[in-house]
1. Contact order normalised by length for the stretch 308-457, with contacts defined as Cα pairs under 8 Å and 6 or more residues apart; what percent is it?
2. For GLU29, which sequence-distant residues (separation of 5 or more, or a different chain) have an amide H within less than 5 Å of its own amide H, given hydrogens modelled in the peptide plane?
3. What distance in nm lies between label points placed 7 Å from Cα along the C-beta direction at ASN118 and ASN271?
4. Assign one of three labels to the stretch 73-277, namely rounded, prolate or oblate, based on the Cα gyration tensor with a ≥ b ≥ c the square roots of its eigenvalues; rounded applies when a/c is under 1.5, prolate when it is not and a/b is larger than b/c, and oblate otherwise.
5. Tell me which cysteines of the chain come out unpaired when the rule is another cysteine's Cβ under 4.7 Å.
6. Within the stretch 282-456, how many Lys pairs that are eight or more residues apart, or on different chains, come under 26 Å at the alpha-carbon?
7. What distance in nm separates the two pseudo spin-label positions at ARG324 and GLU206, each 7 Å out from Cα along the beta-carbon direction?
8. If you restrict to DSSP beta bridges whose two residues both lie in the chain, what percentage is antiparallel, to the nearest 5?
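The values are calculated or read from the model by the stated rules, or taken from the named source; none is laboratory data. A quick note: this is a predicted structure, and the numbers were derived from the prediction, not measured. We place every Cβ from the backbone using ideal geometry, glycine too, and count neighbours over all the protein chains shown. Surface areas here come from the heavy atoms of the whole protein model, side chains and all, with no ligands, DNA or RNA. Shrake-Rupley method; radii C 1.70, N 1.55, O 1.52, S 1.80 Å.
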Amino acid sequence: MSKVKTSFFCQNCGAQSAKWIGKCPACGEWNTYVEEVIEKPGKGAYAKSATRSQASGSRPRLISDIQFREEQRIGSGSQELDRVLGGGIVPGALVLVGGEPGIGKSTLMLQVALNIKNQKVLYISGEESELQIKMRAERLGMQQSNCFILTETRTDNIFHHIDEIQPQMLVIDSIQTLTTSHIESSAGSVSQIRECASEFQKFAKENGIPVFLIGHITKEGSLAGPKLLEHMVDTVLQFEGDHNHVYRILRSQKNRFGSTSELGIFEMRENGLREVSNPSEILLSSRDEPLSGITVSATLEGMRPILIETQALISTAAYGTPQRSSTGFDVRRLNMLLAVLEKRCGFRLSVKDVFLNITGGVRVDDPAIDLGVICAILSSSEDVAVNDKACFAAEVGLTGEIRPVTRIEQRISEAQKLGFEEIFVSKYNLKGVEAKKFSIKIHPVNRVDQVFSLLFG
Ligand code: TYD
Ligand code: MG
């Protein structure tokens, strides 16, 4: 191994030092020094691999001369993943899949590697042994597959095997376990992560092979290597969910090839992840009789309408200060809605405990559930059930006015599709909407008290 020159740089001001120091003498910041390569013999492990020739050098070209063709996307075998990626895997894309330990990143990627059609996939694991991966594959109901497993952490060796096998897709589990021989710091350190990722970035771009990097999330909740990988890769996917719930959500945080507002929903089963293509069904609990404190709202996740259930429980505060607690909904927004109820509608809720829960363990930021939340709170407070065939989709303003929300037609048709009989929307939302084409009854409303008299008489 030829020696590489490295040096330490302050990540704050860029000062250089031959050895690591705790406090930067130039800017006074602590713990900012990181080892970086300043001179490599060759260009990293990938550059040394045998098959690479000079041919791949690029030249400046007039933008009008560049041939445009619809990117040939590769179907991943999972509709949810394809949609989050913006319509399939783009050749040469570098995709980072992040998430907390144990959330199911390895399961997701192994499942994709096993199910993908007509593509030779190399699954590189630095975390599990071949046997463990085989066991997991058995559990996932492995059928005949073109998936190769490699347990290796050194990038030199990995590129050597890639030359041999010539895969059409790579999965790396995880980027934090890789080491390149050009840097001496230990696996998982900032400089190792950056060097290894940049070797795979180069590999992906030059060969047009998609590479998935699995990355762990640090305690602070950011992908390890603070922001460092995020701008190197084309797509950042975040796999999240509540450990106590079986549902997992795949979000895209950055996507050079598609929208970032899409999301995919999966259910973690005994035999792997199942795609949930109709999320509304799982998010609505089944009940035989109408119960107080429950409403259903039509919200949007990305481009997809989802019906979710809100549950509220209002009780007299047992102790001095009333509690405000909410799961899946912003507490500050809850407090605002309570203030609106108090001030504009005269309901005395300041002496009550208020608990709010969005079922299914999802988090909703869509303001369109405001009206549903308010009605659930009142329904519980008055102990009168809301018609279980009623649905809500509107924002509530500080004066108690009901405000329009985006994509109302999609919301209405989703509610209709799932068998709801009436939907409450803002009066100002129906401009240009052909209400006649819906069989569901649409209530255009403009003030909160108007909704209450419609609901509770
Ligand atoms: P894993 O993919 O190992 O998580 P990560 O790579 O993100 O750390 O997922 C581990 C969890 O998933 C583990 O708690 C067991 C569970 N699991 C199932 O419920 N069903 C399955 O079929 C598999 C393979 C895992
Ligand atoms: Mg794992």
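1. After rounding, I find 21 percent.
2. When sequence neighbours closer than 5 places are left aside, the close amide H contacts are CYS24.
3. 2.7 nm
4. rounded
5. CYS147, CYS196, CYS345, CYS375, CYS391
6. Eligible lysine pairs with Cα atoms under 26 Å apart amount to 17.
7. Label-label distance for ARG324 and GLU206, simple model: 5.7 nm.
8. 50 percent
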